[in-house]
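First the structure, in the form of structure tokens, and then the observations on it.
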Amino acid sequence: MPIAPPRTLALLVLLATMTAAAGCGGGDDPEAARSETAVIEEERSEGNPAATGAQAPGPLRLVKVGEFASPLYVTAPRGDRRRIFVVEQGGRIRIVRGGRRVRRPFLDVSAEIVSGGEQGLLGLAFAPDYARSRRFYVNFTNRSGDTRIVEYRALRSNPDVADPQSARVVLAQDQPEANHNGGQLAFGPDRMLYIGLGDGGGGNDQHGERGNGQDLGSLLGKILRIDPRRSGAGAYRVPRDNPFVGRSGARPEVFAYGLRNPWRFSFDRATGDLVIGDVGQDEVEEIDFATLRRARGANFGWRPFEGVRPNFEDEEAPGHLAPVLNKKHDDGFCSITGGYVVRDPALPALRNQYVYGDFCDGRIRAARLRAHGASDDRAAKLPKVGAISSFGEDARGRVYVTSLDGSVYRLTQE
Ligand SMILES: [Ca+2]
């Protein structure tokens, strides 16, 4: 790895190499996922047990889902209540169905990527119409270390297997350094694909005239918004209502800017609000929060600001939004891992709160987020998890946490 600034996700490299590949469980289940319509009805029928007169919920717990090789994400297609998909940094996506891992990986791109440190298979998102189209998207660093967003389709004949022949590169972005690749992919409530890209790496956003974060002409240091479907000769479409469409010198794909390394971001499944965990440099880790409307075209401040700390005294970040949470390295934080606003009715102790973590701190934290700040920020009453690499949500809104050491847990309260 070339220049690795201290205390970033570069820490992952050590752990990644230490993590042995996990053994395989059996238990393939021939039953396919149920239809989206049936699922939504079922979901509505599940109330909060406390509100429906059931027994008061017990303490929060972590239930182990399984052991994986450097897991760093969990997600599921909309409406698929039976399966979760676990992303392994080395290039495999594993399915867990009904608590059991499906033996064969859903996808294996390990031969096409470079992995370790902040590189590897970093993100996965299923298209909103996945049940019909079987389209999904991955974000990885290819063998040259450059970012690729690639579309695949699951086999029509087997919903547990992706068709390697269906690969189609949607977006390519060169990476000047091995670190700060971003990695998150997520479809927003508007059914558009949002892509997180770091500032290009090195220290102090050193590439470009004034760095990349504040440069609207670069895709680096941004969250992008595209419709990833092919359009004529184009590999994707730029939505006409993107904030910088038509602005001279700006890339029309840009949705929000001024980001250092937005490793994980999410949309609140109830409100559509955008929450970003932007990894800090030497002093401050930050959580950014905005309604989707406010986030459109927003400047999140990097590199002039690291959290609320001025990083370049002579530079400005016009109109930038300050983070709602600033976590200092002096307090044991080193690399923030953005999470989810919990909407799982079976988690009353955390419901409507944002759960997140930090790679070094190791505690699962919770806070209530509002546009101008956060409250009740605290460590949740849960065991510590080493090397928190990500959080995830399944189709029911159940929340997961992944440790780069191998474990994947689901948060429960029973
Ligand atoms: Ca910021």
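Side notes on the structure shown:
- Residues satisfying the stated conditions in the range 181-209, i.e. part of a loop (DSSP other than H, G, I, E, B), within 24 Å of Glu151 (Cβ to Cβ) and either at pLDDT below 95 or hydrophobic (A, V, I, L, M, F, W, C) (or both): Met192
- Residue in the range 292-301 that is away from the ligand (no atom under 16 Å from the Cβ) and under 19 Å from Asp215 (Cα atoms) present: yes
- Of everything listed in (1) of a type in the set (Asp, Glu); (2) under 15 Å from Gly201 (Cα atoms); (3) touching a Pro at 6+ places or on another chain (Cβ under 6 Å), the single unmet condition for Asp282 is (3).
- Filtered by the rule that a residue be outside any loop (DSSP other than H, G, I, E, B) and over 11 Å from Glu253 (Cβ atoms), the range 215-243 gives Ser231, Gly234.
- Yes/no for Asp268 being surrounded by 15 or more Cβ atoms within 10 Å (Cβ to Cβ) and within 16 Å of the ligand (Cβ to nearest atom): no
- Conditions (1) more than 21 Å from His207 (Cα to Cα); (2) in a loop (DSSP other than H, G, I, E, B); (3) more than 9 Å from the ligand (Cβ to nearest atom); number of the one not met by Phe289: (2)
- Residue in the range 373-392 that is surrounded by fewer than 22 Cβ atoms within 10 Å (Cβ to Cβ), out of contact with any strand residue (DSSP E or B) (no Cβ under 9 Å at 6 or more places or on another chain), among the basic types (Lys, Arg) and farther than 28 Å from Pro128 by Cα present: yes
- Failed criterion for Leu259 (all others in (1) part of a loop (DSSP other than H, G, I, E, B); (2) among the aliphatic types (A, V, I, L, M); (3) under 18 Å from the mean Cα position of the chain (by Cα); (4) away from the ligand (no atom under 16 Å from the Cβ) hold): (4)
- Filtering the range 117-144 to residues that are buried (at least 19 other Cβ atoms within 10 Å of the Cβ) and small (Gly, Ala, Ser) leaves Gly117, Gly120, Gly123, Ala125, Ala127, Ala131.
- Residues located in the range 272-286, provided they are closer than 29 Å to Arg247 by Cα and more than 9 Å from the ligand (Cβ to nearest atom): Gly272, Asp273, Leu274, Val275, Gly277, Val279
- Odd one out for Arg156 among (1) of a type outside the set (Asp, Glu); (2) in contact (Cβ under 8 Å) with a residue 60 or more places away in the chain; (3) assigned to a loop (DSSP other than H, G, I, E, B): (2)
- Within the range 305-320, being near the ligand (Cβ under 9 Å from one of its atoms) and surrounded by 20 or more Cβ atoms within 10 Å (Cβ to Cβ) holds for Phe305, Glu306, Gly307, Ala317.
- Residue check for Ala349: more than 22 Å from the chain's Cα centre (by Cα) and closer than 16 Å to Pro59 by Cα: yes
- Reported count of residues in the range 346-389, each being touching a Leu at 6+ places or on another chain (Cβ under 7 Å) and at positive phi, is 1.
- Residues that are modelled with pLDDT of 95 or more, outside any strand (DSSP E or B) and within 18 Å of Val74 (Cβ to Cβ), drawn from the range 84-108: Gln89, Gly90, Gly91, Val102, Pro105, Phe106
- Residue in the range 326-343 that is nearest to the ligand (Cβ to nearest atom), counting only those that are in contact (Cβ under 8 Å) with a residue 40 or more places away in the chain and over 18 Å from the mean Cα position of the chain (by Cα): Asn326
The values are calculated or read from the model by the stated rules, or taken from the named source; none is laboratory data. None of these values were measured; they are calculated from a predicted model. As a convention, Cβ positions derive from the backbone with ideal geometry for all residues, glycine included, and neighbour counts pool all protein chains shown.
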